[in-house]
Amino acid sequence: MKRVNKEYFSWNRADEEERKAKLLQNFYRNLIIRNGCWGYKKSKDPNGYVRVETGKRKYGLLHRISWELHNGEIPEGMQINHLCHNPSCCRPSHLYLGTQQDNINDQVERGTFVKGSKHGMSLLDETKVKEIKILLSEKVLHREIAEKYKVDRSTITDIRRGKTWSHVV
């Protein structure tokens, strides 16, 4: 005869209060405190963030869950940024409510903002951008330059306007 576990928790049958209690229980059970930051026993994604279960086959970012458990809902258009600059940290006092621009400004101030060819999605490098700037000064059409470097025409326009690659002279 199969034994039934009366302690079994079902995300589907739980009400909002029970779900929050389960999240809190899991949150504190898996916490690791190191160098003032709160880490977690779960593995990190390639960007250093931790994802935890928030429902049946539903997962969320740990630092966002920590914010919501301790401070309430995250307003639309806002995100949770780290004062400690540690993406796996979930200590409430190390988190703040901010915008994407706030996060970028923090990265620029710290010197950790990734730009140019160091960015993983970059199709160009500094040498190619210098060549593009020379072609632009020679009044070559944006369309022709874009075809040559296999990028969108808007990329060439952004380079010309200094919107992107402004660090390349």
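The values are calculated or read from the model by the stated rules, or taken from the named source; none is laboratory data. Remember, predicted model here, so these are calculated numbers, not experimental data. As a convention, Cβ positions derive from the backbone with ideal geometry for all residues, glycine included, and neighbour counts pool all protein chains shown. Surface accessibility is based on the protein's heavy atoms, side chains included, excluding ligands, DNA and RNA. Shrake-Rupley method; radii C 1.70, N 1.55, O 1.52, S 1.80 Å.
If packing is taken as the average number of other Cβ atoms within 10 Å across a peptide's residues, how do 70-81, 52-63 rank, most packed first?
Highest-to-lowest ranking by the protection proxy: 52-63, 70-81.
Not counting ligands, DNA or RNA, and with a 1.4 Å probe, what is Lys133's accessible surface area in Å² rounded to the nearest 10?
60
What cysteines in the chain have no other cysteine with a beta carbon less than 4.7 Å from their beta carbon?
Cys84, Cys90
Only four residue types carry charge here, +1 at the Cβ of Lys and Arg and -1 at the Cβ of Asp and Glu. Report the dipole size of region 85-169 about the Cα centre in Debye, rounded to the nearest 20.
Dipole magnitude for region 85-169 comes out near 180 debye.
With the Cα gyration tensor of region 65-158 giving a ≥ b ≥ c as the square roots of its eigenvalues, does the rule (a/c under 1.5 for rounded; else a/b larger than b/c for prolate; else oblate) give rounded, prolate or oblate?
Taking the square roots of the gyration eigenvalues as a ≥ b ≥ c, region 65-158 is prolate.
Subtract the Cα-Cα distance of Gln100 and Lys20 from 0.36 nm times their separation in residues, and report this length gain in nm to one decimal.
26.1 nm
Consider the candidate values (i) 113, 47, 35; (ii) 80, 39, 27; (iii) 78, 36, 31; state which one is Cα extents along the principal axes in Å computed from the structure displayed.
(ii)
Per 0.36 nm of contour for each residue apart, how much would the distance between Lys139 and Cys84 grow if the chain were fully extended, relative to their Cα-Cα spacing?
Taking Lys139 through Cys84 to full extension adds about 15.1 nm, to one decimal.
Here are some pairs, Lys22/Lys56; Lys128/Lys148; Lys139/Lys163; Lys44/Lys115; Lys20/Lys58; Lys128/Lys163; which of them have Cα atoms lying more than 22 Å apart in this structure?
Lys44/Lys115
At a probe size of 1.4 Å, how large is the accessible area of Arg160, to the nearest 10 Å²?
So the heavy atoms of Arg160 present about 130 Å² to solvent.
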